[in-house]
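Here the structure comes first, spelled out in structure tokens, and everything after it is commentary.
The values are calculated or read from the model by the stated rules, or taken from the named source; none is laboratory data. Given the structure is predicted, the values throughout are model-derived calculations rather than measurements. Virtual Cβ from ideal backbone geometry, glycine too; neighbours counted across all protein chains shown. Ligands, DNA and RNA are excluded from the accessible area calculation, which covers all protein heavy atoms including side chains. Shrake-Rupley method; radii C 1.70, N 1.55, O 1.52, S 1.80 Å.
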Amino acid sequence: DTGIAEQHAVTFAAGLAAGGIKPFCAIYSTFLQRGYDQVLHDVAIQNLPVRFFLDRAGLVGDDGPTHHGTFDLSYLTHIPNLVVAAPRDTTELKEMTRFARGYDNHPIAIRYPRGVGDATLPEARSTIQEGKGEILAQSDQASVTLVAIGSMVSVAWDVRRKLLEQGIEANVINARFAKPIDLELIESEARRVPYVMTLEENVITGGFGQQVLAGLSTRGIPDLDVEIVAIPDAFIEHGAQPLIRADAGIDADTITQKILRKLAPQNAISRT
């Protein structure tokens, strides 16, 4: 614990990695911003296997705009050599920690929110592999494919349940990695269901959704329609997490209504 000296923490971890030790460098998402230069120059350029663990990723609630970890997917995924992952729940965080311990190819950053749980997601799990996501729900009758990362996987699962109540099927992908993104998996679903919605608890600018859109746009998928659900390009004030998530438009109810409005013309045509 280096206190409010994140630059030192990152460079110290780089030194440990250069000496053959396996450092785990745990810093709040918002405070790793102070160590950005060191992540890039001291760790990534030398491709040192530092394991970054970013707590408080996403909207943290009453701590306010200085503590929201809403920028890390944007400021980390453009750094060469750096792998960026986000677990769907506590169990997957444990599995990613084990994966990171044995991962020596590159530096890796694992971001996770304040308060992670396993309450609603299915227990069937696939092995953590670099750059590979997993399908949690798949249907030949699906009208939308939800591609979620990290804390938003639970939200996507809740959206799926709400859509089912309206007679609408949805596929759900747990992306797991923001870099490298499993574009092969997402493309395979997008070719069957060209309406794709990405979900992330990060600002929209330079985030996961924009990178998925950029990756899919070059693959010639007919009628591709990618919609990005993310935090707006703004600083979010303090408040209870459910309230500020709703204000930001990343809660299950808001997302469900957005999908229903999008599908309404299609459903009207199918009924006629």
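Brief remarks follow.
- In this label model, ALA264 and GLN241 are separated by 3.2 nm, measuring between points 7 Å along each Cα→Cβ vector.
- Counting only heavy atoms of the protein chains and using a 1.4 Å probe, SER188 has close to 50 Å² of accessible surface.
- Max mean-square fluctuation residue, GNM over the chain, Cα-Cα springs under 10 Å, options GLN33, GLN257, GLN166: GLN166
- Summarising the label geometry, the points placed 7 Å from Cα in the beta-carbon direction at SER139 and THR218 lie 3.4 nm from one another.
- Accessible area per residue, Å², the chain with all protein chains present, probe 1.4 Å: 44 Å²
- Sequence ranges 95-104, 189-198, 37-46, ranked by mean other-Cβ count within 10 angstrom, highest first: 189-198, 37-46, 95-104
- Taken over the Cα atoms of segment 1-128, the convex hull encloses 106 Å³ per residue.
- Gain on full stretching of the segment that runs from ALA26 to HIS78 - 0.36 nm per residue minus C-alpha separation: 16.7 nm
- Violating pairs (Cα-Cα greater than 20 angstrom) within the set LYS179/LYS262; LYS162/LYS258; LYS94/LYS132; LYS132/LYS179: LYS179/LYS262
- Secondary structure note: in the chain, about 15% of the DSSP beta bridges are antiparallel.
- Binned Cα-Cα distance frequencies in the chain - 10 Å width, integer %: 7, 30, 35, 20, 6, 1, 0
- Simple label model, 7 Å out from Cα along Cβ direction - ASP225 to ILE4, nm: 4.9 nm
- The Cα trace of segment 54-122 gives Rg and Dmax of 13.1, 38 Å, the first to one decimal, the second as a whole number.
- A helix-only calculation puts the chain at -10500 deg cm²/dmol for mean residue ellipticity at 222 nm, using -39500 (n - 2.57) for each DSSP H run of at least four residues, averaged over all residues.
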